[in-house]
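Engineer: Structure below; questions to follow.
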Amino acid sequence: MDLRDTQEEAAFRTELRAWVDANLPAEKRGGRGGAQRFEDPFVREWSRKLYEAGYAGLTWPREYGGAGAPHSFQAILYEELAAAQAPPHVGVIGLSMAGPTIVAHGTEEQKARYLKPILAAEEIWCQGFSEPDAGSDLAAARTRAERRGDVYVVNGQKVWSSFAHIADFCILVTQSDPEAARYRNLTYLLVDMHAPGVEVRPLRQITGEAEFNEIFFTDVEVPAENRLGEEGEGWQVAMTTLLHERATLGFALTATLDALFGRLLEGARELELPPHMREELAREWIELQAIRFTNYRALGTYERTGVPGPEGSGVKLRWSEANQRLTKLVRELRGPEGILDDGWWNHQQLRSRGNTIEAGTSEVLRNIIAERVLGLPRSR
Amino acid sequence: MDFALSEDQLELKQQARAWLADRFPLDRDWDSVEDRWSELAELGWLDVAEAGLGFVEEALLLEELGYACYPGPYIATVGFALPWLSDEQRARVATGEERWSVDVDGYVPWLGLVDFVVADGGTAYPARGEEVASVDPSRPFGRLDKADGEPLAGNRNLPRARTASAAEALGVAQRALDLGIEHAKTRVQFGKPIGTYQAVSHPLAQTYTDVELARSLVYWAAWCVAEEDERAPVAAGAAKAFATEAAVVACERSIQAHGGIGFTWEHPLHRFYKRALWLEGFGRRPAELRLEVAEAVLA
């Protein structure tokens, strides 16, 4: 156990910090996330810079354009980018979900075709998992893929798809065999979002903006070679995606919470806070450290055993609730002004309500912990 | 950055778990004051430095002592008093000859059992005085009669003491969770194990996340103490606030998951609950610690 950076880690951190200082103008720091992140053309330019400097796909294998770096470097990258309040890479779905799933299940042709453009921010990906009648229950997906010769014909509707309106490709979970048993009935497709029959409609959310979309598929022809994994094994492939979403998410989430907390502190230091608010603030700071060091422990287990440990399974759950409490606490700290829409905290607080729903609702995550970590009997 | 227990540390923890489970099973005579102190000396737990180990290993032992609800004054002697002691005094602690405690806010844990007490910011007194009952009957207090004091050679180490309490609380929380899981798997109502019902399983899942977060803070604080890192005071305050509160809530949720049996004297859960309440209240309580943490964070 040694919580200090190794020599290599310290060197990487120093070099990264200098690079960020040289490449990220002050006025591009501190964006509030949400839909704003893909409206500013600088975000694509920034993403390309990250790629050119070798920071996109840091842990991906070298043959697919990655840097083959250890996961601890990825953690440092998240920490430093969050500390600099840098905008995210625009291809977040490609980087954290589509890419790793293609690395795990793709053919050599698919890897050669898709991976590099993801890193270079040349092609943007979106996720087609949730449906109006299949949210937490992904296996109930009804978007139909029918095999006709060398294509799949896709019909159906997906929802809660961020980036779909600017995406070039979609990782799509389809129902390929309604007769087959549950978990053997799905097929995972890589779909060209510019194909005829794909229609994207923005979905206006609680914050007033449209960060997510609905996607409608009408007789969309998807070449059979765009299938990822075998027909009927879409569930298994999708689980890889979700595992990656949850495994790599911890550090990114904690880094954003840390940045948010830093911003909160800047304001709080100038106020005379009553003891109960100071105590609440400390409670959230402690929770943040607990989540941070839980990520490090999970990473330590992962690097030692090659398998993600159970420690990290609660991180998304705790982060989402912490983010909700923290952003509400800011309304309290702002006193009479807490009722106003200041354009930044107001957005953070409203947006945080999605945190306990997206990427696995808190209820589903508690089921997963109860069943897979604690070994309690299945609830359904 | 390497935040995982080493093979040796994991082995130490497993050995401690097995030894304690054998000597202090749940179906023990809970009124017995037998604490097998001389065996602790033989195991080397009273002087881990002798084996080249440090405070991280002591924290792991304390975690396991909490898991077993161990009755003896290990935390008082090793967790609280040790940094005050001279090499000669430490040597007598190592062999099991001397047991120590500390005076905190006028109360001395195990006053009737230990030999000496640290009080008044660095004076050693022979342990004499009147006993006072505490929430945890295995951890009585006493009011020290201050006579025949001698100055001590060592220094206060508050982060170390707080982290010791936090580590023990972590073990208590883990045990309460394990007991709750076991009961939820085996107790059948309405034709199914009650762990099938989310109203039962979800609070246990929440406890699991509490325990893992507490573990992260405890090991972080233990490492800071062992390395004399400048963050040790704030890490220890955070760990004690979080872990002792988590232990209390873990026991409360476990009692609830157990239903009626969890409320009986016969079931061991109340022993762990009382230990958790003791740890939460000893020294500084979570709310006070959070105000200290706020001071550091807002500075």
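The values are calculated or read from the model by the stated rules, or taken from the named source; none is laboratory data. Here the structure is a predicted model, which means the values were calculated and not measured. Reconstructed Cβ throughout: ideal geometry from the backbone, glycine too, with neighbour counts over all protein chains shown. The protein model used for the area step is the full one, side chains on, heavy atoms only, and it has no ligands, DNA or RNA in it. Shrake-Rupley method; radii C 1.70, N 1.55, O 1.52, S 1.80 Å.
Engineer: Using only helices, what value at 222 nm comes out for chain A when you add -39,500 (n - 2.57) per DSSP H run of length 4 or more and divide by the total residues, to the nearest 500 deg cm²/dmol?
Structural biologist: -14000 deg cm²/dmol
Engineer: Moving on. Using a 1.4 Å probe on the heavy atoms of the protein chains only, list every residue of segment B:211-236 that has 10 Å² or more less accessible area in the complete assembly than in its chain alone.
Structural biologist: B:E212, B:L213, B:R215, B:S216, B:L217, B:Y219, B:W220, B:W223, B:E227, B:R231, B:V234
Engineer: Now, a different point. What share of all Cα pairs of chain B, in percent, falls into each consecutive 5 Å distance bin?
Structural biologist: Taking every Cα pair in chain B, the percentages come to 1, 6, 12, 16, 18, 17, 14, 8, 5, 2, 1, 0, 0, 0.
Engineer: Something else about it: Hull surface divided by four, with the convex hull built on the Cα atoms of the protein assembly as shown: how many nm²?
Structural biologist: Its average projected convex-hull area is 32.2 nm².
Engineer: Within 10 Å of each Cβ in B:190-201, how many Cβ atoms from other chains are there, averaged over the peptide?
Structural biologist: Taking the mean over all residues of the peptide, I get 4.
Engineer: Here's another thing I want to ask about it. Which log10 I(q)/I(0) values does segment B:1-110 give at q = 0.09, 0.11, 0.15, 0.23 Å⁻¹ under the Debye formula, counting every alpha carbon as one identical point scatterer?
Structural biologist: Summing over Cα pairs of segment B:1-110 leads to -0.24, -0.37, -0.68, -1.40.
Engineer: Taking θ = phi - 60°, what integer Hz values does the Karplus form 6.51 cos²θ - 1.76 cosθ + 1.60 yield along segment A:229-240, in sequence order, with x for Gly and Pro?
Structural biologist: Running phi through 6.51 cos²θ - 1.76 cosθ + 1.60 with θ = phi - 60° gives x, 7, 5, x, 10, x, 4, 5, 5, 4, 5, 4 Hz.
Engineer: Now a separate question. Could you give the size of the charge dipole of the protein assembly as shown about its Cα centre, using +1 on the Cβ of each K and R and -1 on the Cβ of each D and E, expressed in debye and rounded to the nearest 20?
Structural biologist: 1680 debye
Engineer: How large is ³J(HN,Hα) for each residue in segment B:214-223, as worked out from phi by the Karplus curve 6.51 cos²θ - 1.76 cosθ + 1.60 (θ = phi - 60°), to whole Hz, x for Gly and Pro?
Structural biologist: 4, 4, 4, 5, 5, 5, 4, 4, 4, 5
Engineer: Among A:W125, A:I76, A:M1, whose Cα sits farthest toward the positive end of the charge dipole of segment A:1-145 (+1 at Cβ of Lys/Arg, -1 at Cβ of Asp/Glu, about the Cα centre)?
Structural biologist: A:W125
Engineer: Here is a follow-up. Using Cα springs under 10 Å in a Gaussian network model of chain B, which residue among B:D120, B:D47, B:D29 shows the largest mean-square fluctuation?
Structural biologist: Maximum fluctuation in the GNM of chain B, among the listed residues, is at B:D29.
Engineer: Which value, in Å², gives the accessible area per residue of segment A:118-168 when a 1.4 Å probe is used on the protein heavy atoms?
Structural biologist: Value returned for segment A:118-168: 38 Å² of accessible area per residue.
Engineer: Amide H neighbours of A:Y152 under 5 Å, counting only residues 5+ apart in sequence or on other chains, H built in-plane at 1.01 Å?
Structural biologist: HN-HN under 5 Å from A:Y152: A:V222, A:A224.
Engineer: Counting heavy atoms of the protein chains only and a 1.4 Å probe, report the per residue accessible area for segment B:1-131 as a whole number of Å².
Structural biologist: Dividing the accessible area of segment B:1-131 by its residue count gives 42 Å².
Engineer: What ³J(HN,Hα) values, in whole Hz, does the Karplus curve 6.51 cos²θ - 1.76 cosθ + 1.60 give for segment B:144-158 when θ = phi - 60°, with x put for Gly and Pro?
Structural biologist: Per-residue couplings from phi come out as 6, 7, 7, 9, 6, x, 10, x, 9, 7, x, 9, 5, 9, 4 Hz.
Engineer: Within segment A:221-329, list the GluC sites (Glu not before Pro) lying in a DSSP loop whose Cβ has at most 12 other Cβ atoms in a 10 Å radius.
Structural biologist: Passing both the DSSP loop test and the Cβ count: A:E230, A:E270, A:E272.
Engineer: Which Rg and Dmax, in Å, describe the Cα atoms of segment A:303-380?
Structural biologist: 16.8, 52
Engineer: Compute, for segment B:1-50, the length of the dipole vector about the Cα centre, with Cβ point charges of +1 (Lys, Arg) and -1 (Asp, Glu) only. Units Debye, rounded to 20.
Structural biologist: The calculation lands at about 160 debye.
Engineer: A further question on this structure: At the nearest 100 Å², what buried accessible area, both sides summed, do you get for A and B when the probe is 1.4 Å?
Structural biologist: Protein heavy atoms only, the A-B interface buries about 4600 Å².
Engineer: Also: In the structure displayed, which of A:K28/B:K240; A:K28/A:K328; A:K328/B:K240; A:K316/B:K185 lie more than 29 Å apart, Cα to Cα?
Structural biologist: A:K28/B:K240
Engineer: Now for a separate question. Can you find, among A:F38, A:L24, A:T14, the residue farthest towards the positive end of the dipole of segment A:1-41? Put +1 on the C-beta of Lys and Arg, -1 on that of Asp and Glu.
Structural biologist: So the residue furthest toward the plus end is A:F38.
Engineer: Let me ask something additional. How high is the relative contact order of chain A? Use alpha-carbon pairs under 8 Å, at least six apart in sequence, and give a whole percent.
Structural biologist: Once divided by the residue count of chain A, the mean separation gives 13 percent.
Engineer: In Å², and per residue, what accessible area does segment A:268-329 have when probed at 1.4 Å with the other protein chains present?
Structural biologist: So segment A:268-329 comes to 40 Å² accessible per residue, rounded to a whole number.
Engineer: So, in Å, what gap is there between the alpha-carbon centers of segment B:219-282 and segment A:59-133?
Structural biologist: When both Cα centres are located, 40 Å separates them.
Engineer: Which is farthest toward the positive dipole end of chain B among B:L26, B:A124, B:V78, measuring Cα position about the Cα centre, with Cβ charges +1 (Lys, Arg) and -1 (Asp, Glu)?
Structural biologist: B:L26
Engineer: Could you bin all the Cα-Cα distances of segment A:1-139 into 10 Å bins starting at 0 and give me the percent of pairs in each, rounded to whole numbers?
Structural biologist: So the P(r) values, bin by bin, are 11, 37, 33, 16, 3, 0.
Engineer: For A:H194 and B:K185, what is the calculated FRET efficiency with R₀ set at 51 Å and r taken between the beta-carbons, to the nearest 0.05?
Structural biologist: Plugging the Cβ-Cβ distance into 1/(1 + (r/R0)^6) gives 0.45.
Engineer: Over the alpha-carbon set of chain A, work out the extent along each principal axis and list the three values in angstrom, largest first.
Structural biologist: So the three principal-axis extents are 70, 45, 43 Å.
Engineer: Bin by bin, in steps of 10 Å, what percent of the Cα pairs in segment A:79-142 do you find, going until the bin that has the longest distance?
Structural biologist: The distribution over segment A:79-142 is 20, 34, 32, 14, 0, given as percents.
Engineer: Hey, what number do you get for chain B at 222 nm if only DSSP H runs of n ≥ 4 count, each worth -39500 (n - 2.57), divided across all residues, to the nearest 500?
Structural biologist: It comes out at -17500 deg cm²/dmol, rounded to the nearest 500.
Engineer: Please report the base-10 log of the normalised intensity I(q)/I(0) for segment A:198-329, using a Debye sum with one equal scatterer per alpha carbon and no solvent, at each q in 0.14, 0.15, 0.17, 0.18 (1/Å).
Structural biologist: -0.88, -0.94, -1.04, -1.08
Engineer: Additional query: For segment A:256-302, which residues drop by 40 square angstrom or more in accessible area between the chain on its own and all protein chains together (1.4 Å probe)?
Structural biologist: Residues meeting the cut-off: A:R269, A:R278, A:E279, A:A282, A:R283, A:W285, A:I286, A:A290, A:F293, A:Y296, A:R297.
Engineer: Would you please give the residues with an amide H less than 5 Å from that of A:R334, counting only those at least 5 places away or on a separate chain, with H modeled from the backbone geometry?
Structural biologist: none
Engineer: How large, in percent, is the carbon and sulfur part of the accessible surface of segment B:236-282 at a probe radius of 1.4 Å?
Structural biologist: 63 percent
Engineer: Here is a follow-up. Would you please give the residues with an amide H less than 5 Å from that of A:G135, counting only those at least 5 places away or on a separate chain, with H modeled from the backbone geometry?
Structural biologist: Counting only residues 5 or more places away or on other chains, the set is empty.
Engineer: Related question: Ignoring any ligand, DNA or RNA, what whole percent of the accessible area of chain A comes from carbon and sulfur when the probe is 1.4 angstrom?
Structural biologist: 51 percent
Engineer: If you put +1 on each Lys and Arg Cβ and -1 on each Asp and Glu Cβ, how big is the dipole of segment A:128-244 around its Cα centre, in Debye rounded to 20?
Structural biologist: Roughly 220 debye for segment A:128-244.
Engineer: Show me the three semi-axes of the equivalent ellipsoid for segment B:228-283, from the C-alpha gyration tensor (sqrt of 5 times each eigenvalue), largest first, rounded to whole Å.
Structural biologist: Three semi-axes, in Å: 30, 10, 7.
Engineer: Post the alpha-carbon centroid distance, segment A:163-181 to segment A:316-372, in whole angstrom.
Structural biologist: Measuring centre to centre over Cα atoms gives 29 Å.
Engineer: Share of segment B:113-154's accessible area from carbon and sulfur, percent, 1.4 Å?
Structural biologist: C and S fraction of accessible area: 48 percent.
Engineer: Same structure, new question: Checking the cross-link filter: which aspartates and glutamates have an alpha carbon closer than 16 Å to that of B:K192, excluding same-chain neighbours under 8 positions apart?
Structural biologist: A:E371, B:E182
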